[in-house]
1. How many of the residues in the stretch 18-29 are closer than 16 Å to residue 48 by Cα and in a helix (DSSP H, G or I)?
2. Taking the stretch 134-147 as the search range and keeping residues that are buried (at least 18 other Cβ atoms within 10 Å of the Cβ) and closer than 13 Å to residue 101 by Cα, which one is nearest to the chain's Cα centre (by Cα)?
3. Would you mention how many residues in the stretch 134-149 are assigned to a loop (DSSP other than H, G, I, E, B) and aliphatic (A, V, I, L, M)?
4. Checking residue 127 against (1) in contact (Cβ under 8 Å) with a residue 60 or more places away in the chain; (2) of a type outside the set (S, T, N, Q); (3) at positive phi, only one condition comes out false. Which one?
5. Cβ-Cβ below 7 Å, separation at least six or inter-chain, first residue in the stretch 8-23 and in the same structural domain as residue 36 (by TED's automatic domain parsing), second hydrophobic (A, V, I, L, M, F, W, C) and part of a helix (DSSP H, G or I): which pairs?
6. Contact list please: Cβ distance under 6 Å, first residue in the stretch 48-63 and in the same structural domain as residue 11 (by TED's automatic domain parsing), second residue among the small types (Gly, Ala, Ser) and at pLDDT below 95, pairs at least six apart or on different chains.
7. Run down 109, 96, 114, 152 and say which single residue is touching a Phe, Trp or Tyr at 6+ places or on another chain (Cβ under 7 Å), over 20 Å from residue 39 (Cβ atoms) and either assigned to a helix (DSSP H, G or I) or modelled with pLDDT of 95 or more (or both).
8. Evaluate the stretch 43-60: report whether one residue or more is part of a loop (DSSP other than H, G, I, E, B), at pLDDT 95 or above and within 16 Å of the chain's Cα centre (by Cα).
Amino acid sequence: MQNNCEEKLNYDLLAPCLEEYGNKPGSIITILQKAQDIYGYLPMPLIEYIALSTNQAPAKVLGVASFYTQFRTKPVGKHLILLCQGTACHVNGSGEIEAVISNHLQIKEGEISEDGLFTYNNVACLGCCSLAPAIMIGEKTYGNLDKDKTIEILDAIAKEEA
């Protein structure tokens, strides 16, 4: 999948955020969140631009971006699947769900599916143990998963995109 952000970054999109927060101490997280919302992820040229625009060292901005799991420095598919690997999910079959996702989409963790629709990442906990095993796709949580239910969810999302 080709990502326009890698080819050419339009820094003008981030200008209003930098004007509002660029000189405020402790605002780097807010700026990174907005940048990720705009560009989908935080490529190194963008991190360097943010550092320059906020008079910070690039290493400091990259340090913040790499410390918090909410930030991505690599592109992802249109739908990011967060697969819970917490204790309850693990005990209830998250390993099988990971295998189903990986096999059905023909990707490994962190990769983008051929159609550009999906990326999955394992996370430590989604905080919905009563739904174990569970995944989150966008803002929606799916629980009590098994092989068939997982495939139905993935296929339904792919069908909506077709």
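The values are calculated or read from the model by the stated rules, or taken from the named source; none is laboratory data. Please read all numbers here as calculations on a predicted model, not as lab measurements. No Cβ is skipped: glycine too gets one built from the backbone with ideal geometry, and neighbour counts run over all protein chains shown.
1. So the answer is 3.
2. 136
3. First pass over the stretch 134-149, keeping only residues assigned to a loop (DSSP other than H, G, I, E, B): 134, 138-139, 143-146.
Filter once more, keeping what is aliphatic (A, V, I, L, M): 134, 145.
Matching residues across the stretch 134-149 total 2.
4. Looking at each condition in turn, residue 127 falls short on (1).
5. Once the first residue is in the same structural domain as residue 36 (by TED's automatic domain parsing) and sits in the stretch 8-23, its partners that are hydrophobic (A, V, I, L, M, F, W, C) and part of a helix (DSSP H, G or I) give 9/46; 13/38; 14/35; 14/38; 17/31; 18/31; 21/31.
6. 53/22; 54/22
7. Working: 96 fails: touching a Phe, Trp or Tyr at 6+ places or on another chain (Cβ under 7 Å); 114 fails: touching a Phe, Trp or Tyr at 6+ places or on another chain (Cβ under 7 Å); 152 fails: touching a Phe, Trp or Tyr at 6+ places or on another chain (Cβ under 7 Å).
The match here is 109.
8. Yes: one or more hits.
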